[in-house]
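Undergrad: Encoded as structure tokens, here's the structure I'll be asking about.
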Amino acid sequence: MGEARIAAAFAAAKDEGRAALMPYMMAGFPDRESSLAVAAAYVDSGADLIELGVPFSDPLADGPTIHAAATAALEAGATFATALEVCRSVSDRVPVVLMAYANMVLAHGGAAEFARLALAAGAAGAIVPDLPLGEAEEVREQFAAAGLALVPLVAPTTSPERRAQICAAARGFVYVVSTVGTTGERAEVPASLAALVTATKADSEIPVAVGFGIGTAAQAAEVGRIADGVIVGSRLVRAASEGGSPAAAADAVADFLSQTRVALAG
Amino acid sequence: MSRLDERFGPYGGRYVPETLIGALDELAAAWEEAREDAAFMARMDLLRRDFIGRPSPLYLAERLSERAGRRVYLKREDLNHTGAHKINNALGQALLAQRMGKRRVIAETGAGQHGVATATACALLGLECVVYMGSEDIRRQAPNVERMKLLGAEVTPVEAGARTLKEATSAAIREWVGSVEDTHYVIGSAAGPAPYPALVRDLQRVIGDEAREQALQAEGELPARVIACVGGGSNAIGIFKAFVEDEEVALIGVEAAGEGLDSGRHGASLSAGVTGVLHGSLSAVIADEDGQILEAHSVSAGLDYPGVGPEHAHLRDSGRASYVAISDRQALAAFAELTRLEGIIPALESSHAIAWLLENPGEAGFDVLCLSGRGDKDLAEVVEQTG
């Protein structure tokens, strides 16, 4: 169910001769209304899929921009329910992949109940960035039973043996972390990325998308030439906070995303 | 050669970004190998004796015993170099970092005790040291910040959240995600992702191994109760571990009730928390219904933490150890009482254990209480609190 929607979105982009564009956003940031406007703007500006962050108090995989956005969203009153609301608002138009830390899965009834809630909001998949291979088995099975794809991450520090195991168990797509570090904009795409993406594609039967550190349309295009999908996070989160109103937030992200979409097609 | 524990019952595990998994595997393998290496352990033993000052005495506190109505022995971790049990772990991990060929070490600190211990071990071994510390703690603990700087460490302020230990730990882990290829992270308690809870326990177990032998020498039998304060829980697991198989010995962990367990302002994850994931392991945490980790509160900075090491959660569930909680007010009174009775100024953390002892006279036998640190660092806080 979720897997098929994700597969179709990647396939449609591939048919157009480009990588899929997957913008990230933080639910409830800078406030509920703005995040609903940002989600709609993502769809209107050419997002093939959306990665939707569930705000959490202690996000260990995130750099300063997304960490601060989570803190601000929580201060503005966001909860898991806010993330589900944002998910529901766009999930009939593009596949939505939730990005939720392990404690959020646990606190909302465990894997089966979390999957049920996510599915009811139309989510296609979920990334749990602090649930690496070795911890993920039960959650992956429960998610799969409900029709929610558990998308795993591969890092530059992942050993080749482990990478093959991660790819074999992956559902939806494989998320390649571009650099050794947390999320956030970087000046350059690492030179070692191409080899990592090539190796991961060789291990994987499903699409391979790259995230972390992609902050310009040119970087997205560069990564799009080697990967099946490109994830842009912190740069867009920063844009969402700059407007000062829901409409301004939507305009700011739409502007960046439209340019990126053009660059990917180029 | 036995493998390091990754799970304690259902608790523990490695709930961290994929980027760190390789380094955690490397660390587990390094410690499994090092603890079987006679030359490495001989060096550790020598430094424990001549640098830390071990074994720490097991002191029969006569006036405290009179007041408590039973014989009470204090395990004097306050007499260690740098003034607390923290150095046992910091020195061991710094030696391990050196053995792994990592020249750079990072650590988190709350009140600064673990930061000072890590900076001290790094100075001894010539390692680069960066300590993450919440800016609120930097303000409250200026003398320890100066100590770390004197020892050659860089102190990096953390501005997120309440600017205290939880955020400093998160910041250190995030930094490690980006520097893992050449840096070792010295976590300060028996918490975090596997293998840290088992590694830190192994390094702190020296407290319990010594205390058990010293108690048998002094009394010819084992204590009725072993009592220790629990924040992250490293001094407690260190002393408990040596007695776990002695089923007749009661193990009592004393958490911070802060302003009261019902107030929402406490540090008692085991007594009043829920099961959750914080800083890489599944354990008891203080969280709200939505799954957000809450700020802890305690007058004692070392107990001001919304999580606890996973082995304690397992010892609680199995019934092998009991966990109780003592309020700020009770701990402050016990701080004053021990100071006057014994001429020992205890850390506010350890004062929680003293307070529980004073209020819970046992029946037969004698007690061993882990005096985890000295209280010089707490003087300003105590003066402020008691006016």
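The values are calculated or read from the model by the stated rules, or taken from the named source; none is laboratory data. Just so it is clear, the structure is predicted and the values come from calculations on it, not from any experiment. FYI the Cβ positions are ideal-geometry reconstructions off the backbone, even for glycines, and counts take in every protein chain you see. Note: areas computed on protein heavy atoms with side chains; ligands, DNA, RNA excluded. Shrake-Rupley method; radii C 1.70, N 1.55, O 1.52, S 1.80 Å.
Undergrad: May I ask you to list the trypsin sites (Lys or Arg not before Pro) in region B:1-110 that are in a DSSP loop and have at most 15 other Cβ atoms within 10 Å of their Cβ? Display every interim value, and only then the final one.
TA: Working: sites: B:Arg3, B:Arg7, B:Arg14, B:Arg35, B:Arg43, B:Arg48, B:Arg49, B:Arg63, B:Arg67, B:Arg70, B:Arg71, B:Lys75, B:Arg76, B:Lys86, B:Arg99, B:Lys102, B:Arg103, B:Arg104; in loops: B:Arg3, B:Arg14, B:Arg35, B:Arg70, B:Arg71, B:Lys102, B:Arg103.
Those that pass, being in a loop and sparsely packed, are B:Arg3, B:Arg103.
Undergrad: Taking only protein heavy atoms and a 1.4 Å probe, what accessible area per residue, in Å², does chain B have with all protein chains in place?
TA: Numbers: 13400 Å² over 387 residues.
Accessible area per residue, chain B: 35 Å².
Undergrad: If you don't mind, there's one more thing I want to ask. Treat region A:157-200 as a sphere of radius equal to its Kirkwood radius over Cα pairs and apply Stokes-Einstein at 20 °C in a medium of 1.002 mPa s; give the translational diffusion coefficient in µm²/s, rounded to a whole number. Kindly include the intermediate steps, with their values, before the conclusion.
TA: Values: Rh = 11.7 Å.
In µm²/s, the coefficient rounds to 183.
Undergrad: Roughly how many Å² of B:His81 are accessible to a 1.4 Å probe, to the nearest 10?
TA: It works out to around 70 Å².
Undergrad: Could you give the distance between the Cα centres of region B:311-347 and region A:150-208, to the whole Å?
TA: 47 Å
Undergrad: Using a ≥ b ≥ c from the Cα gyration tensor of chain B (square roots of the eigenvalues), is it rounded, prolate or oblate, where a/c under 1.5 gives rounded and otherwise the larger of a/b and b/c decides, a/b for prolate?
TA: Working: a/c = 1.37, a/b = 1.23, b/c = 1.11.
Taking the square roots of the gyration eigenvalues as a ≥ b ≥ c, chain B is rounded.
Undergrad: If you take the charge dipole of region B:72-164 about its Cα centre, with +1 on Lys and Arg Cβ and -1 on Asp and Glu Cβ, which of B:Ala90, B:Ala142, B:Ala111 is farthest toward its positive end?
TA: B:Ala90
Undergrad: Can you give me the distance in nm between label points at B:Glu181 and B:Arg320, each placed 7 Å from the Cα along the Cα-to-Cβ direction?
TA: 4.1 nm
Undergrad: Still on this structure: Step through the residues of region A:247-258 one at a time and calculate ³J(HN,Hα) from phi using the Karplus curve (6.51 cos²θ - 1.76 cosθ + 1.60, θ = phi - 60°), rounding each to whole Hz and writing x for Gly and Pro.
TA: 5, 5, 4, 4, 4, 5, 6, 5, 4, 5, 5, 4
Undergrad: Mind checking which of B:Ser263, B:Ser283, B:Ser189 has the largest fluctuation in a GNM of chain B, springs on alpha carbons under 10 Å?
TA: Greatest mean-square fluctuation among the candidates belongs to B:Ser263.
Undergrad: Here's a follow-up. Taking K and R as +1 and D and E as -1, what net charge do the other residues with C-beta under 12 Å from the C-beta of A:Arg162 add up to? Spell out each step's value before the answer.
TA: Numbers: positive: A:Arg163; negative: A:Glu161, A:Asp203, B:Glu18, B:Asp25.
Charge balance near A:Arg162 sits at -3.
Undergrad: Related question: Taking each residue of A:52-62 in turn, how many C-beta atoms of other protein chains fall within 10 Å of its C-beta, and what is the average? Don't jump to the answer; show the numbers that get you there.
TA: Values: counts 0, 0, 2, 2, 4, 15, 16, 3, 16, 8, 4.
So the per-residue partner count for this stretch is 6.
Undergrad: When only DSSP loop residues count, what GluC sites (Glu not before Pro) in region B:1-45 have their Cβ near at most 13 other Cβ atoms within 10 Å?
TA: On the way: sites: B:Glu6, B:Glu18, B:Glu26, B:Glu32, B:Glu33, B:Glu36; in loops: B:Glu6, B:Glu36.
Sites meeting the loop and neighbour criteria: B:Glu36.
Undergrad: In addition: How high is the relative contact order of region B:185-337, in percent, with contacts defined as C-alpha pairs under 8 Å that are six or more residues apart?
TA: Details: 315 pairs, mean separation 37.3, N = 153.
Relative contact order of region B:185-337: 24 percent.
Undergrad: Place a +1 charge on the Cβ of each Lys and Arg in the protein assembly as shown and a -1 charge on the Cβ of each Asp and Glu, then give the dipole magnitude about the Cα centre in debye, rounded to the nearest 20.
TA: Details: 55 positive and 86 negative charges, 170 e Å.
Once rounded to the nearest 20, the dipole reads 820 debye.
Undergrad: Straight-line reach from A:Lys201: which lysines have Cα under 17 Å away, leaving out those fewer than 8 places along the same chain?
TA: A:Lys14
Undergrad: Please work out how much accessible surface A:Ser192 shows to a 1.4 Å probe, ignoring ligands, DNA and RNA, in Å² rounded to 10.
TA: 80 Å²
Undergrad: In Å, what Kirkwood hydrodynamic radius results for the protein assembly as shown from the alpha-carbon pair distances?
TA: Numbers: mean 1/r = 0.0392 Å⁻¹.
Result for the protein assembly as shown stands at 25.5 Å.
Undergrad: Something else about it: Per residue, how much space in cubic angstrom lies within the convex hull of the C-alpha atoms of region B:1-153? Numbers along the way, then the final one.
TA: On the way: hull volume 28.4 nm³, N = 153.
Per-residue hull volume (Cα only) is 186 Å³.
Undergrad: Here is a follow-up. If the reach is capped at under 16 angstrom between alpha carbons, list the lysines near B:Lys102, excluding any in the same chain fewer than eight residues apart.
TA: none
Undergrad: Now, a different point. Post the alpha-carbon centroid distance, region B:30-106 to region B:142-176, in whole angstrom.
TA: Here the two parts' Cα centres lie 23 Å apart.
Undergrad: How many angstrom lie between the Cα centre of region A:70-109 and the Cα centre of region A:116-147?
TA: 14 Å
Undergrad: Please enumerate, by chain and number, the lysines with C-alpha under 16 Å from the C-alpha of B:Lys86, excluding those fewer than 8 residues away in the same chain.
TA: Candidates past the 8-residue exclusion: B:Lys75, B:Lys377.
Undergrad: Can you give the Kirkwood hydrodynamic radius for chain A, in Å, rounded to one decimal and based on Cα pairs? It would help to have the intermediate numbers written out before the result.
TA: Numbers: mean 1/r = 0.0562 Å⁻¹.
Here the Kirkwood hydrodynamic radius works out to 17.8 Å.
Undergrad: I would also like to ask the following. Which value, in debye to the nearest 20, describes the size of the charge dipole of chain B about its Cα centre when Lys and Arg Cβ atoms bear +1, Asp and Glu Cβ atoms bear -1, and nothing else is charged?
TA: On the way: 38 positive and 57 negative charges, 159 e Å.
Once rounded to the nearest 20, the dipole reads 760 debye.
Undergrad: Just to confirm a number: summing +1 for Lys and Arg and -1 for Asp and Glu over residues other than A:Ala73 whose beta-carbon lies under 10 angstrom from that of A:Ala73, what do you get?
TA: Numbers: positive: A:Arg32; negative: A:Asp31, A:Glu75.
Around A:Ala73, the charge tally is -1.
Undergrad: Okay, moving on. Per residue of B:20-28, how many C-beta atoms from partner chains lie within 10 Å of its own C-beta, taken as a mean?
TA: Working: counts 7, 9, 6, 1, 1, 3, 0, 0, 0.
Per residue, the average neighbour count from other chains is 3.
Undergrad: Out of every Cα pair in region B:302-387, what percent are spaced more than 21 Å from each other?
TA: When all Cα pairs of region B:302-387 are counted, 36 percent exceed 21 Å.
Undergrad: Roughly how compact is region A:73-184, stated as its Cα Rg over 2.2 N^0.38 Å to two decimals? Walk me through the intermediate numbers first.
TA: Values: Rg = 14.2 Å, N = 112, 2.2 N^0.38 = 13.2 Å.
So the Cα radius of gyration is 1.08 times the expected 2.2 N^0.38 Å.
Undergrad: Further, regarding this structure: Consider just the alpha-carbon atoms of region B:104-194 and return their Rg together with their Dmax, both in angstrom.
TA: Every Cα atom of region B:104-194 included, Rg and Dmax give 11.8, 34 Å.
Undergrad: Dipole magnitude of region A:56-142 about its Cα centre, charges +1 at Lys/Arg Cβ and -1 at Asp/Glu Cβ only, in debye to the nearest 20?
TA: Roughly 340 debye for region A:56-142.
Undergrad: So, one more: What's log10 of I(q)/I(0) for region A:25-73 at q = 0.13, 0.17, 0.26 Å⁻¹, Debye sum over Cα points only, no solvent?
TA: These q points yield log10 I(q)/I(0) values of -0.30, -0.49, -0.94.
Undergrad: Given B:Gly309, B:Ser322, B:Ala334, which one lies farthest toward the positive end of the charge dipole of region B:284-350, if we put +1 on the Cβ of every Lys and Arg and -1 on the Cβ of every Asp and Glu?
TA: B:Ala334
Undergrad: Over chain B, with a Gaussian network built from C-alpha contacts below 10 Å, which listed residue (B:Ile293, B:Ile326, B:Ile207) shows the highest mean-square fluctuation?
TA: Maximum among the listed residues: B:Ile293.
Undergrad: Of all the C-alpha pairs in region A:1-118, what % are more than 19 Å from each other?
TA: Distances greater than 19 Å cover 47 percent of the Cα pairs.
Undergrad: Let me ask another. Could you compute the net charge surrounding B:Thr19? Neighbours are other residues with a C-beta less than 15 Å from the C-beta of B:Thr19; K and R count +1, D and E count -1. Working shown, then result.
TA: Details: positive: A:Arg162, A:Arg163, A:Arg186, B:Arg14, B:Arg174; negative: A:Asp62, A:Asp130, A:Glu135, B:Glu18, B:Asp25, B:Glu26, B:Glu175, B:Glu181, B:Asp182.
Its environment carries a net charge of -4.
Undergrad: Ok, one more. Of the GluC sites (Glu not before Pro) in region B:302-387, which ones lie in a loop per DSSP and count no more than 16 other C-beta atoms within 10 Å?
TA: Details: sites: B:Glu311, B:Glu337, B:Glu342, B:Glu349, B:Glu359, B:Glu363, B:Glu381, B:Glu384; in loops: B:Glu363.
Answer in residue order: B:Glu363.
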